[in-house]
1. Using only the Cα atoms of the chain, each taken as one equal point scatterer with no solvent, compute I(q) by the Debye sum, divide by I(0), and report log10 of the ratio at q = 0.16, 0.19 Å⁻¹.
2. Lysine pairs in the chain with Cα distance under 26 Å, only those 8 or more apart or on different chains: how many are there?
3. Quick one: give the max-minus-min coordinate of the C-alpha atoms of the stretch 32-114 along each principal axis, largest first, in Å.
4. Say each of Lys118 and Asn34 gets a label point 7 Å from the Cα, pointing the same way as Cα to Cβ; how far apart are those two points in nm?
5. Rounded to the nearest 0.05, what FRET efficiency do Thr67 and Lys148 have when you use their Cβ-Cβ distance and R0 = 30 Å?
6. Quick check for you: with a 1.4 Å probe and neighbouring chains kept, what is the accessible area per residue of the stretch 29-148, in Å²?
7. Once you list every other residue whose beta carbon is under 10 Å from the beta carbon of Lys118, what net charge do they have if Lys and Arg are +1 and Asp and Glu are -1?
8. When you count, for each residue, the other Cβ atoms within 10 Å and take the mean per peptide, how do 98-109, 48-59, 13-24, 134-145 rank with the highest first?
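The values are calculated or read from the model by the stated rules, or taken from the named source; none is laboratory data. Computed from a predicted model, the values in this text were never measured in an experiment. Positions of Cβ are generated from backbone atoms using ideal geometry, with glycine treated the same way; all protein chains shown enter the neighbour counts. Quick note on the areas: whole protein, heavy atoms, side chains included, nothing else; ligands and nucleic acids left out. Shrake-Rupley method; radii C 1.70, N 1.55, O 1.52, S 1.80 Å.
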Amino acid sequence: HVLVRQLSPEQQSYIVDAGSNRGVTVDMVAVYKNCLLGRVATVYPTYAKIQLITDGGCKVAALCGTTEAQGIHEGLNQIDETTLNFVSHLETICVGDLIISSGSGLVFPRGFMLGSIKEAHIDGLYYKITVAPPLDMTSVEYVYLIKK
C-alpha cells in the first residue's frame with residue numbers, strides 16, 4: 001500500500017507499508033498493471049522507499065515496442081514526462097510507440113511498460129525522445145514488489 005507520495009522537482013518516490021519484516025530488499029522492482037513504477041531504494045523494518053521511473057536518478061535499459069530500437073529511459077523529476085536517451089539516429093522511431101524495459105540492466109526485468117513516445121526528433125547522432133509515463137503517478141494506491 002502506498003503511504004506517502006513525494007512528487008516534487010527534487011525527488012519522485014513512494015513510501016510503501018512493507019519493509020524488511022516482510023522480506024523487502026533493496027533493488028526489488030515495483031510494478032502495477034504490467035507497468036514499471038520504480039525500484040526499492042531504501043528499506044526500513046516496517047516500510048520502504050521506492051524511487052520512481054520519473055525520478056531523475058532512475059535509469060532503465062529500454063526498447064521501443066514496435067521497432068526494438070534500444071536506449072536508456074531516464075526520469076526528469078516530472079510526473080508527466082520522461083525521456084529515452086541514446087537512441088541512434090539510424091533507428092526508426094514512431095510517435096505513440098510503447099517503451100518497455102529491455103532487461104539488459106542488473107535491476108529491471110524485461111517486458112514492463114515504461115510509457116509511450118510523445119515526440120521525437122533527431123539531435124546530432126541521437127534522437128531526442130519525450131515519453132509519457134504509463135500511469136498517473138498521483139493516483140496509484142498499491143504496488144507489487146518483485147525480484148528480478
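1. Log-scaled intensity ratios, in q order: -0.78, -1.05.
2. For the chain, the number of qualifying lysine pairs is 13.
3. Principal-axis extents of the Cα atoms in the stretch 32-114, largest first: 48, 23, 22 Å.
4. 2.4 nm
5. Details: r = 25 Å, r/R0 = 0.83.
In this case the efficiency is close to 0.75.
6. Working: 5810 Å² over 120 residues.
Ligands and nucleic acids excluded, the figure is 48 Å² per residue.
7. On the way: positive: none; negative: Asp80, Glu81, Glu119.
Neighbour charge sum, excluding Lys118 itself: -3.
8. On the way: 98-109: 18.3, 48-59: 22.2, 13-24: 16.8, 134-145: 13.8.
The densest-packed peptide leads the list: 48-59, 98-109, 13-24, 134-145.
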